[in-house]
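Right, one structure below, let's go through it.
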Amino acid sequence: MIEMMTEPASSCLPDAVYMLGVGGMGMAPLAIYLSQAGVSVTGWDDCLRPEMKVLLREHGVQLSPVLPDSFTLVVRSSAIGDDHELIIDARSRGASVLRRGELLAQVVQGRQLVAVVGSHGKTTTTGLLIHLLTKVGFPCGYLLGGLFRSDLSPAKYCAESPWIIAEVDESDGTVEGFAPDITVAVNFDWDHADRYAQESDLRDAFVRLFARTQDYVIIPEDCEVLNHIAPSNKALRCQSSAGFNASNSALALATARELGAEVSLSLLSDFPGIRRRQDIIGKTRGVTLLADYAHHPTEVTALLQHARSEWPGRQIVIFQPHRYTRTRQFAAEFARSLSSADDVMLLPVYAASEAPIVTGKSEAIVDASGQDWPVLTPDDLPRVLDQAIRGSRPATVLFIGAGDIDELARRFARDWQIADDWREELSLYTKLTLGEPLAGKTTLRVGGAARFYAEPDGTDDLEQLLYFAKQSNLPWFALGRGSNLIVADEGFPGLVISLRGEGFREFTLLDNGRVNVGAGLPLKRLCGLAAKQGLGGFEFLEGIPGTLGGALRMNAGAMGNWMFDVVESVEFMTPSGEIAQLPSEDFHVEYRCCNELLDSMALSAVLRSGASTPGDSIREQMDAYAGRRKESQPREPSAGCIFKNPPGNHAGKLIDELGLKGHRIGGAEVSMVHGNFIINRNRASAADVLALIRKIRAVVLRERGVELEPEALLVGHNWKDVL
């Protein structure tokens with residue numbers, strides 16, 4: 001047992017510090033500790049999570065993206081390089097710049113430090129130790145390298161005690177600045193090849209740390225490396241039973257007892273756990289979704305074995321490797337660890353500030369496995385994983401990794417549970433998917449995915465979907481053939497509904513040359529069916545790549561004719577799910593807009609044809625219109641006309657006169673055939689298209705004083721926000 005000092009020595013606390021990367025799991029607890037100790041703490045993080053922002057502010061940490069003039073000390077996360085603009089600014093002002101571990105080493109000087117080290121399990125072991133000491137009222141300060149699942153703070157400054165419990169990280173080399181009173185070495189596995197090129201290099205770092213340790217080195221009895229390198233006069237070997245986290249618990253108990261605390265295993269029964277360690281983030285209808293921080297092959301193996309024993313069903317793993325160097329180092333080991341799962345999907349490597357390494361990408365793990373495991377983008381994951389889960393109940397889904405996979409996992413769990421609840425109320429024939437790509441469903445071929453995508457089987461399911469969207473406070477959008485439409489690269493954050501079911505594609509002849517047409521029927525198909533029946537008057541619609549529903553909403557027009565010229569009445573569903581029918585004269589129709597259908601969804605329309613005409617004559621007229629379109633419109637992917645024609649002029653004419661045809665940004669290009677068309681020349685992004693639209697508008701406004709107004713719809717953003 002260690003003898004306590006009667007008076008705590010003062011540690012080296014700065015007066016003020018600016019912390020860059022303050023939202024990280026190592027930085028945030030240090031910021032909270034310093035703030036509690038009376039230090040003026042300001043910080044910033046480009047990727048600060050909302051809950052972390054609240055936690056930091058609750059503990060008095062100020063947030064500012066600007067380096068205060070008076071600060072002479074800046075601390076950065078090891079994930080932030082020397083080329084960051086704030087680091088460059090700080091050094092230009094003569095401020096000291098330290099890494100997180102370097103400041104921590106200064107802060108604990110003069111105190112009695114219990115340093116928890118090891119290749120993995122440090123945070124859990126530290127958390128267990130803090131929990132034990134808190135339960136018995138043992139006074140000490142502490143810094144956890146994570147967050148408790150409870151409201152217990154991840155850091156605590158204690159002026160009344162000399163003891164401080166802290167995780168000490170070996171990954172960036174700052175471990176060399178610590179001389180603990182007690183070192184708790186949880187385990188040893190070679191890692192961090194970017195710093196320790198060989199296992200012996202990491203082993204030597206542990207040897208040096210043990211030599212600097214003043215009193216005891218507490219180690220697990222079953223770790224061969226630690227037992228070999230721990231000094232015999234300092235080593236305290238700890239026995240543990242088999243089982244997940246058993247060694248961590250035993251080490252925490254042994255350490256607490258060495259500090260003089262009277263603790264027992266029963267005190268761990270209400271341990272809240274650490275966030276991102278076996279977090280159950282979703283559970284419903286035979287499916288359990290978990291998130292875990294494991295990022296070393298040994299951790300992954302232990303986690304999957306534990307999960308197999310605890311949660312039933314098919315085991316589906318989504319793994320995000322952490323760092324290129326680690327992936328290159330352990331590709332074969334990761335492949336072996338993951339092979340015990342029934343289904344494996346990988347995400348691209350989370351770089352953590354590393355430059356890409358070709359042999360350190362996720363594909364290296366796939367190659368080593370000999371399996372056809374997919375490497376998915378974050379945008380592809382929801383759709384693919386949703387399909388996998390639906391065919392695998394019961395199932396356990398594990399999101400594994402130390403990068404941003406936790407955010408992806410929680411978003412997926414939220415959306416998947418929403419979709420799973422919806423499916424319980426929808427017919428089997430209604431399609432409902434997550435993360436459905438939208439680019440391929442538009443004529444411009446750009447844009448991201450829909451958060452939710454549905455093809456209802458009938459009006460009952462359509463009504464149910466609109467009700468779900470309202471209850472979930474989700475925006476919804478009706479998608480036809482995707483013409484006259486630009487989808488943002490970020491996709492659509494709500495529900496996209498497409499009336500592709502046969503129930504919405506009817507074509508029923510009525511009397512007096514009238515026909516009832518479903519809103520989901522493509523216009524080209526409408527024209528063909530009408531021609532067969534000798535019904536003229538619809539020929540102008542033939543070349544418009546849309547559905548009747550979209551044509552009604554936009555009051556589509558071509559060849560001098562407009563959609564509502566041939567409409568007798570429209571049946572539509574309101575946002576509240578009510579079905580209404582109005583004659584055409586009751587609609588407020590204008591250029592490229594029908595006001596009543598902006599927030600409602602057309603279901604069908606009664607159309608009136610002109611005089612009965614032989615089918616051959618109708619087809620001749622359609623062919624003539626088609627020929628004119630081919631001559632005047634580009635064949636490449638486009639959204640159609642981008643801008644509305646200004647009063648007394650034509651947008652395409654203005655663009656042509658100003659020499660903007662052929663102008664290109666990224667893969668988006670102003671068509672040489674028609675100036676009011678932007679074509680997808682070479683894998684354009686929505687950002688390319690929007691940038692080109694802004695450029696065109698700016699030139700036309702500057703040179704002609706005309707402000708062009710977009711005609712194409714923008715989904716996922718608002719025009720006013722991007723122009």
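The values are calculated or read from the model by the stated rules, or taken from the named source; none is laboratory data. All of these numbers come straight from a predicted model, not from anything done at the bench. Cβ: placed from backbone, ideal geometry, glycine included. Neighbour counts: every protein chain shown.
Below are the figures for this structure:
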item: Residue within the range 437-447 that is surrounded by fewer than 22 Cβ atoms within 10 Å (Cβ to Cβ), of a type in the set (A, V, I, L, M, F, W, C) and touching a residue at least 40 places away in the same chain (Cβ under 8 Å) present; result: yes
item: Inter-residue pairs, beta-carbon under 9 Å, first farther than 16 Å from ALA488 by Cβ and in the range 659-686, second of a type in the set (Ser, Thr, Tyr) and surrounded by fewer than 16 Cβ atoms within 10 Å (Cβ to Cβ), 6+ apart; result: VAL673/SER632; HIS674/SER632
item: Pairs with Cβ under 9 Å, 6+ apart, first in the range 367-386 and on the phi > 0 side of the Ramachandran plot, second among the hydrophobic types (A, V, I, L, M, F, W, C) and not in a loop (DSSP other than H, G, I, E, B); result: GLY370/ALA335
item: Exclusive hit being aliphatic (A, V, I, L, M), under 20 Å from THR443 (Cβ atoms) and over 38 Å from the mean Cα position of the chain (by Cα), set ALA651, ALA668; result: ALA651
item: Qualifying strands (runs of 3 or more DSSP E) (wholly inside the range 177-271; at least 3 residues being under 24 Å from VAL107 (Cα atoms)); result: 182-185, 216-220
item: Filtered residues of the range 340-382 (kept if crowded, with 18+ Cβ neighbours inside 10 Å and part of a helix (DSSP H, G or I)); result: GLY360, SER362, ALA364, ILE365, VAL366, SER369, LEU381, PRO382
item: All helices (runs of 4 or more DSSP H) inside the range 614-723 with 1 or more residues being under 26 Å from ALA449 (Cα atoms) and either among the basic types (Lys, Arg) or touching an Asp or Glu at 6+ places or on another chain (Cβ under 8 Å) (or both); result: 686-704, 719-722
item: Scan of the range 28-38 for residues that are assigned to a loop (DSSP other than H, G, I, E, B) and in contact with a helix residue (DSSP H, G or I) (Cβ under 9 Å, 6 or more places away or on another chain), ordered by number; result: ALA37
item: Set GLU590, GLU542, GLU585, GLU596: member being surrounded by fewer than 14 Cβ atoms within 10 Å (Cβ to Cβ) and at pLDDT below 85; result: GLU590
item: Qualifying positions in the range 236-251 - modelled with pLDDT under 80 and closer than 17 Å to ALA307 by Cα; result: ALA242, GLY243, PHE244, ASN245
item: Wholly enclosed strands (runs of 3 or more DSSP E) of the range 452-506 bearing at least 3 residues in contact with a Phe, Trp or Tyr (Cβ under 8 Å, 6 or more places away or on another chain) and of a type in the set (A, V, I, L, M, F, W, C); result: 492-498
item: Residue satisfying all of: in the range 438-451; assigned to a loop (DSSP other than H, G, I, E, B) and of a type in the set (Gly, Ala, Ser); nearest to ILE418 (Cα to Cα) among these; result: GLY448
item: Some residue of the range 452-473 being outside the structural domain of PRO710 (by TED's automatic domain parsing), touching a residue at least 12 places away in the same chain (Cβ under 8 Å), under 21 Å from ASP721 (Cα atoms) and surrounded by fewer than 24 Cβ atoms within 10 Å (Cβ to Cβ); result: no
item: Evaluation of GLY146 against (1) farther than 20 Å from ALA205 by Cβ; (2) out of contact with any strand residue (DSSP E or B) (no Cβ under 6 Å at 6 or more places or on another chain); (3) at pLDDT below 90; (4) not assigned by TED's automatic domain parsing to the domain that holds VAL41 (one fails), failing number; result: (2)
item: Residues that are crowded, with 21+ Cβ neighbours inside 10 Å and among the charged types (D, E, K, R), drawn from the range 650-689; result: GLU669, ASP688
item: Scan of the range 516-529 for residues that are modelled with pLDDT of 90 or more and more than 41 Å from the chain's Cα centre (by Cα), ordered by number; result: ASN516
item: Any hit, the range 289-297, residues being out of contact with any His (no Cβ under 6 Å at 6 or more places or on another chain) and part of a helix (DSSP H, G or I); result: yes
item: Looking only at the range 122-141, and only at residues there that are in contact with a Phe, Trp or Tyr (Cβ under 6 Å, 6 or more places away or on another chain) and surrounded by fewer than 24 Cβ atoms within 10 Å (Cβ to Cβ), the one that is nearest to LEU267 (Cα to Cα); result: HIS131
item: Out of THR183, THR134, THR174, THR213, sole residue that is within 28 Å of ASP82 (Cα to Cα) and β-branched (Val, Ile, Thr); result: THR174
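Results for (1) at pLDDT below 85; (2) among the aliphatic types (A, V, I, L, M), shown as yes or no for each residue.
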position: LYS135; (1), (2): no, no
position: TYR142; (1), (2): no, no
position: CYS158; (1), (2): no, no
position: PRO162; (1), (2): no, no
position: GLU176; (1), (2): no, no
position: ASN187; (1), (2): yes, no
position: VAL207; (1), (2): no, yes
position: GLN214; (1), (2): no, no
